[in-house]
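Presented below is the structure to which this report refers.
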Amino acid sequence: MRKPKICRLVLATCFGSFVLVIFYFQSNSNPAAEQGNLWNGWQGKAGRSPLQTLYDSDQGCEENHSRNQNLLFHAFELSAAQVTHQSRRDLLERTCQTYTRKRRVLTPDDLKHLIVDDRHGLLYCYVPKVACTNWKRVLMVLTGDGKYRDPLKIPANEAHVPSNLRTLSEYSTSEINHRLRNYLKFAFVREPFERLVSAYRNKFTRKYNTAFHKRYGTKIVKRHRPDPSDEALEHGDDVSFEEFVYYLVDPHTQREEPFNEHWERVHSLCHPCIIHYDVVGKYETLDEDARYILQLAGVSDRVHFPSSSKSTRTTDDMTAQFFHKINPFYQKKLYNLYKMDFLLFNYSLPTYLNFR
Ligand SMILES: *[C@@H]1O[C@H](CO)[C@@H](O)[C@H](O)[C@H]1NC(C)=O
């Protein structure tokens, strides 16, 4: 009987790769210094990786000032950005220490949102509704071997074709560890409720998003609307923000499957307490944070981050209006659901909420 043996072998192999865990030790002391010398392929200024650029300029201003800083960018802008990003990293680190007890290891599944740029040594964790289309476009320009020049010439739907960019989950364990240690890791975040309202408006109030209406809308109507019409049950295209909130805070929802990435928390998409991001950009300061990253990568003269049109943007006022319709009990539940994103990224409790 050979068959069972082969089966067992195949099973063992599958299981083996499935539970593949990545031990990712990151020393907080200048990680770029460890292996930086091995790298020559960088196209950054002065032949250094973005991570080296970041940490070289962070330490010992005295020594580096005359040698490097003038080469990089205006000293004033550099130091202001450095201070901002250092304090964001510190706050993130402190919050992680306070709120997360067990350290767990990463699995390849955790790395699906990390986009890799091997040419410039960048890892970008994309968060939907936080300028991720434009970041994907920029990364396509950076990794595209001259195939693209202007990010805005890349159609939005093309930026979301998975095969156009590589994610860290596609690499082997040692390749993953190497990249986590040596690449500049960054993510962009946004005020959590503004992001949520933006996701709601985009996915549930636009006629063309039929895929979301079918997949989520019909389910939300069925579960959270008393006496739904047959029409609504079939199309799921008129979900109200209140119903969406009921869906989110219902424990059943997450037991069934993880949240869709458009409303999943950054904490769960990017694992900021396990992966130590070097730069946490914010939607609120998108243009300057994007410029800082492109400068660190040494490509600011070649690629400009597209400035976004402000016309259809979800604002704080708009968010407040949506939340006025939500009863305080559910406001509180929703806040608890997104609490880690508020704390980790220094967003305060919105003043329009009326529980306390
Ligand atoms: C956190 O936010 C407050 C204002 O909302 C600001 O004054 C403070 O500098 C921020 N801290 C960090 C570490 O970004």
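Test of understanding: among ASP341, ASP316, ASP278, which residue is touching a residue at least 40 places away in the same chain (Cβ under 8 Å), open to solvent by 40 Å² or more (accessible area, probe 1.4 Å) and either in contact with a Pro (Cβ under 6 Å, 6 or more places away or on another chain) or within 16 Å of the ligand (Cβ to nearest atom) (or both)?
Just one listed residue meets the conditions, ASP316.
Is it the case that HIS262 is open to solvent by 20 Å² or more (accessible area, probe 1.4 Å), of a type outside the set (D, E, K, R), at negative phi and in a helix (DSSP H, G or I)?
No.
If we keep just the residues of region 141-156 that are under 17 Å from SER308 (Cβ atoms) and part of a helix (DSSP H, G or I), which is most open to solvent (accessible area, probe 1.4 Å)?
LYS153
Note down all Cβ pairs under 6 Å where the first residue falls in region 171-196 and is assigned to a loop (DSSP other than H, G, I, E, B), the second is of a type outside the set (S, T, N, Q) and open to solvent by 20 Å² or more (accessible area, probe 1.4 Å), and they're at least six residues apart or on different chains.
ARG190/TYR283; GLU191/TYR347
Going through region 197-217 one residue at a time, which ones are of a type in the set (S, T, N, Q), in a helix (DSSP H, G or I) and open to solvent by 20 Å² or more (accessible area, probe 1.4 Å)?
ASN202, THR210
Given the conditions (1) in a helix (DSSP H, G or I); (2) out of contact with any Phe, Trp or Tyr (no Cβ under 9 Å at 6 or more places or on another chain); (3) farther than 27 Å from THR84 by Cβ; (4) open to solvent by less than 80 Å² (accessible area, probe 1.4 Å), which single one is not true for GLU231?
(4)
The values are calculated or read from the model by the stated rules, or taken from the named source; none is laboratory data. Because the structure is predicted, anything quoted here is derived from the model rather than measured. Quick reminder, even Gly has a Cβ in these numbers, built from the backbone with ideal geometry, and neighbours come from all protein chains shown. The accessibility values were calculated without ligands, DNA or RNA, using every heavy atom of the protein model including side chains. Shrake-Rupley method; radii C 1.70, N 1.55, O 1.52, S 1.80 Å.
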